[in-house]
1. So which residues in segment 1-36 are open to solvent by less than 40 Å² (accessible area, probe 1.4 Å), in a loop (DSSP other than H, G, I, E, B) and within 22 Å of Gly96 (Cα to Cα)?
2. Specify the residue that is surrounded by the fewest Cβ atoms within 10 Å (Cβ to Cβ); the eligible residues are those in segment 266-282 that are hydrophobic (A, V, I, L, M, F, W, C) and in contact with a Gly (Cβ under 9 Å, 6 or more places away or on another chain).
3. Pairs needed: first member in segment 52-72, at pLDDT 95 or above; second member anywhere, charged (D, E, K, R) and in a strand (DSSP E or B); C-beta distance under 7 Å; at least 6 residues apart or different chains.
4. Just to verify a result, which residue in segment 374-398, among those that are at pLDDT below 85 and within 15 Å of Glu338 (Cα to Cα), is surrounded by the fewest Cβ atoms within 10 Å (Cβ to Cβ)?
5. Give the residue, chosen from Leu351, Leu358, Leu365, that is at pLDDT below 95 and of a type in the set (A, V, I, L, M, F, W, C).
6. Can you name the strands (runs of 3 or more DSSP E) wholly within segment 37-120 that have at least 2 residues being open to solvent by 10 Å² or more (accessible area, probe 1.4 Å), hydroxyl-bearing (Ser, Thr, Tyr) and under 22 Å from Asp217 (Cβ atoms)?
7. Scan segment 130-145 for residues that are buried (at least 16 other Cβ atoms within 10 Å of the Cβ) and assigned to a loop (DSSP other than H, G, I, E, B) and report the count.
8. Please verify whether segment 67-83 includes one or more residues that are closer than 21 Å to Ala213 by Cα and out of contact with any Phe, Trp or Tyr (no Cβ under 7 Å at 6 or more places or on another chain).
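The values are calculated or read from the model by the stated rules, or taken from the named source; none is laboratory data. What you are looking at is a predicted structure, and each value in this text was computed from that prediction instead of being measured. Positions of Cβ are generated from backbone atoms using ideal geometry, with glycine treated the same way; all protein chains shown enter the neighbour counts. The accessibility values were calculated without ligands, DNA or RNA, using every heavy atom of the protein model including side chains. Shrake-Rupley method; radii C 1.70, N 1.55, O 1.52, S 1.80 Å.
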Amino acid sequence: MDRESLFLWDAGRGVFEPLRVGPEGQPAAGIGPALSANSRLIAFFARQPRPTPAGDPDCYPLAVYDRLTGGLEWLPGSISRMGLAGHAGPALSVDGRWLAWANDSACPPGPGVYLYDRQSQRLHRVHPPTESPTVFGGALVALSANGRFLAFVTKDDGVVPEDRNGQFDVFLYDWETGKTVWVSRPVRPEDPPQPSGLQPVPGTDGAWEGGIALSADGRFLAFAAAARLVDRPLKPCAPWPGAEPLPFCHHIYLYDQETGQMELVDANAAGEPGDGAAEGPAISGDGRWVVFATRARNLGPVGATECPSRPVWGRPCDLWLAVWDRTTGRVTILSRGEAGRLAGPSYNPVLSADGRWLAWVSEALEWLAPPPPLPKGRPAAFLYLAELEALLRFQNAP
């Protein structure tokens with residue numbers, strides 16, 4: 001096993017085991033995975049196994065594994081393990097028909113944002129419209145449940161004629177109409193250009209802040225941005241310890257494509273924007289709940305910030321999970337575990353479609369009571385799963 005080994009957890013059986021694919025049951029390794037709603041299909045960029053011929057070892061081909069039949073399907077796409085897109089897996093529609101991915105390398109079929117229809121076996125290049133060796137391609141994607149809407153992040157100019165800021169931006173593509181909307185358009189043209197959707201962090205080993213997430217019907221798009229996307233005062237802050245401050249903090253925004261309205265998510269009850277960077281939003285299927293990681297201290301009570309010794313690439317200790325309710329506009333900081341205040345960062349949240357279950361990564365063991373002993377070589381990352389409603393009740397308890 002290595003850091004790219006893939007695992008599958010069966011909540012019903014309580015079993016956590018390596019993912020084995022193909023007729024010979026080979027251990028799978030790579031980037032991803034994405035899971036269909038019925039858990040039958042698993043899509044991932046494979047380091048192993050490999051198709052025949054295997055091709056460039058630095059290019060990870062896109063595979064779909066069928067858990068029912070044991071079949072392994074190779075799709076006409078790949079990404080570089082060294083690129084930004086190599087940190088994010090493919091997106092899969094609920095029924096497994098549609099797959100989307102971003103490629104920022106020369107790995108086949110070249111840099112771009114792609115949508116693949118498994119039913120017709122047709123590959124669609126969403127960006128750029130034609131093959132071009134001069135473009136960056138894409139970095140992140142999110143797909144609506146039926147595959148109609150595709151959100152993506154790229155730093156290429158000209159995706160729409162007005163976009164000439166040379167920064168990472170967020171776009172929303174409608175497969176039925178062929179229309180692409182520039183979602184992260186700044187509200188004040190005089191502002192200095194700032195990235196949206198993704199921000200590589202200087203001075204780290206490939207770390208980045210950002211993220212995008214779509215509601216099931218594609219109406220609501222949640223994303224992180226350091227650009228000013230609402231017409232109100234925003235303060236500067238550093239995206240990472242030791243990094244230069246940006247003109248504006250990274251904030252979480254929610255775009256409603258039905259109304260065209262943009263809403264600032266990480267704001268407190270007084271309407272004040274979060275005073276620390278936010279990243280990694282996840283959204284429930286109906287768009288009601290948005291969960292994200294934040295370093296802000298003015299959104300609610302926060303916990304301990306002292307961590308054991310950390311490597312250079314480690315995430316900041318003062319990184320808490322926050323939950324926003326669109327119906328009330330209220331933000332709740334999840335900064336207390338069963339064993340007390342959390343002494344470690346929590347990040348990378350994922351929400352189930354109904355908003356009931358929340359999974360996340362944390363370097364804090366205080367989520368459990370009693371907390372298990374610290375492993376050697378801290379920090380270590382742990383994967384948690386809990387009912388969102390239970391977590392919210394716990395945070396609001398006296």
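1. Leu6, Leu19, Gly22, Gly25, Ala28, Ser36 - these are the residues of segment 1-36 that are open to solvent by less than 40 Å² (accessible area, probe 1.4 Å), in a loop (DSSP other than H, G, I, E, B) and within 22 Å of Gly96 (Cα to Cα).
2. So the first thing to find is which residues in segment 266-282 are hydrophobic (A, V, I, L, M, F, W, C), and the list is 267, 269-270, 277-278, 282.
Pick out the ones that are also in contact with a Gly (Cβ under 9 Å, 6 or more places away or on another chain) and you get 267, 269, 282.
Details: Ala267: 21, Ala269: 11, Ala282: 23.
So the residue we want is Ala269.
3. Taking only residues 6 or more apart or on different chains, the pairs are Tyr60/Arg47; Ala63/Glu73; Val64/Glu73.
4. Out of the qualifying residues, it is Pro398.
5. Numbers: Leu351 fails: at pLDDT below 95; Leu358 fails: at pLDDT below 95.
Leu365 is the lone residue from the list that is at pLDDT below 95 and of a type in the set (A, V, I, L, M, F, W, C).
6. In segment 37-120, there are no strands (runs of 3 or more DSSP E) which contain 2 or more residues that are open to solvent by 10 Å² or more (accessible area, probe 1.4 Å), hydroxyl-bearing (Ser, Thr, Tyr) and under 22 Å from Asp217 (Cβ atoms).
7. Narrowing segment 130-145 to residues buried (at least 16 other Cβ atoms within 10 Å of the Cβ): 135-145.
Going one step further and asking which of them are assigned to a loop (DSSP other than H, G, I, E, B), we end up with 135-139, 144-145.
Qualifying residue count, segment 130-145: 7.
8. Among the residues of segment 67-83, at least one is closer than 21 Å to Ala213 by Cα and out of contact with any Phe, Trp or Tyr (no Cβ under 7 Å at 6 or more places or on another chain), which makes the answer yes.
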